[in-house]
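Report on the structure given below.
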Amino acid sequence: MAGIGRSNHFWGMMLEKAFAKVKGTYTMADGGFMENGIRSLVGCPVVSYTTDSISADDAFTALKAANDLNYIMGTGTTGGADSDVNSCNVAMSHAYSLIAAFELKTGGTVDHKLYMIRNPWGQAFFNGTWSQSDTTSWTSDYISQVPHGVNPLTSATGSGIFFVSHTDFLTCF
């Protein structure tokens, strides 16, 4: 994660550690809802959306606005055990840090809307468009527009950072 250590957008990881400390251990903090941890540690209002209550465009608009205000964001999955994965190869019943909602542009025109997500386990196996192995989508121009200087072709290894399009987001999370 070289080059992004000074960023103020990695509160999710710090909150996870702090909440585990408050609860006593990671095991005691395991499970539940991320908004409870955020609310209890920072005392701020928390807004939650479910994928069946919002469109992909409305979700992106809301999360991009929250991103631009430097809000703490997270996302999660439902379903089986966290050792199970969904069709996107994302762990089920698991919480993730939502690091950024951003746009990739060409000449000022928005081409793609993406989310930068981090698995707190430090590993990512997302298998859709914009994954680490998708060298067709990730042009050098697009790579240069990724927030925090993250290289999307190497970020999944060790840091657990991966990227999901706004249309895949509601399917995968």
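The values are calculated or read from the model by the stated rules, or taken from the named source; none is laboratory data. Given the structure is predicted, the values throughout are model-derived calculations rather than measurements. In this analysis, Cβ positions are derived from the backbone assuming ideal geometry, glycine residues included, and neighbour counts consider all displayed protein chains.
Brief remarks on what is shown
Residue by residue, here is whether (1) at pLDDT below 95; (2) under 23 Å from GLU35 (Cβ atoms) holds:
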residue	(1), (2)
LYS64	no, yes
LEU69	yes, yes
VAL146	no, no
VAL164	no, yes
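- Answer from SER144, SER131, SER159 - the residue that is hydroxyl-bearing (Ser, Thr, Tyr), more than 24 Å from VAL42 (Cβ to Cβ) and in contact with a strand residue (DSSP E or B) (Cβ under 9 Å, 6 or more places away or on another chain): SER131
- Scan of region 33-47 for residues that are exposed (fewer than 15 other Cβ atoms within 10 Å of the Cβ) and either more than 18 Å from the chain's Cα centre (by Cα) or farther than 16 Å from HIS94 by Cβ (or both), ordered by number: ARG39, SER40, VAL42, GLY43, CYS44, PRO45, VAL47
- Top-ranked residue of region 33-51 - restricted to ones that are assigned to a helix (DSSP H, G or I) and in contact with a Leu (Cβ under 9 Å, 6 or more places away or on another chain), ranked as nearest to PHE169 (Cα to Cα): THR51
- Residues of region 118-142 satisfying the condition of being more than 30 Å from SER93 (Cα to Cα) and without any contact (Cβ under 8 Å) to a residue 24 or more places away in the chain: THR136, THR139, SER140
- Residue check, ALA91 surrounded by 15 or more Cβ atoms within 10 Å (Cβ to Cβ), in contact with a helix residue (DSSP H, G or I) (Cβ under 6 Å, 6 or more places away or on another chain) and small (Gly, Ala, Ser): no
- Within region 54-110, the set of residues being more than 19 Å from ASP168 (Cβ to Cβ) and β-branched (Val, Ile, Thr) comprises ILE72, THR106, THR109.
- Consider region 140-173 and keep the residues that are in contact with a Leu (Cβ under 9 Å, 6 or more places away or on another chain) and of a type in the set (Val, Ile, Thr). The one that is surrounded by the fewest Cβ atoms within 10 Å (Cβ to Cβ) is ILE143.
- Residues of region 80-98 that are closer than 13 Å to ALA124 by Cα, out of contact with any strand residue (DSSP E or B) (no Cβ under 7 Å at 6 or more places or on another chain) and among the aliphatic types (A, V, I, L, M): VAL90 alone.
- In the set (1) surrounded by fewer than 21 Cβ atoms within 10 Å (Cβ to Cβ); (2) modelled with pLDDT of 95 or more; (3) touching a helix residue (DSSP H, G or I) at 6+ places or on another chain (Cβ under 6 Å), the condition left unmet by LYS105 is number (3).
- Filter pass, GLY122 being closer than 16 Å to SER155 by Cα and not basic (Lys, Arg): yes
The rows are residues; the columns are (1) more than 13 Å from the chain's Cα centre (by Cα); (2) in a loop (DSSP other than H, G, I, E, B).
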| residue | (1), (2) |
| --- | --- |
| ALA65 | yes, no |
| GLY79 | yes, yes |
| CYS88 | yes, yes |
| SER93 | yes, yes |
| LEU98 | no, no |
| GLU103 | yes, no |
| ASP111 | yes, no |
| GLN123 | no, yes |
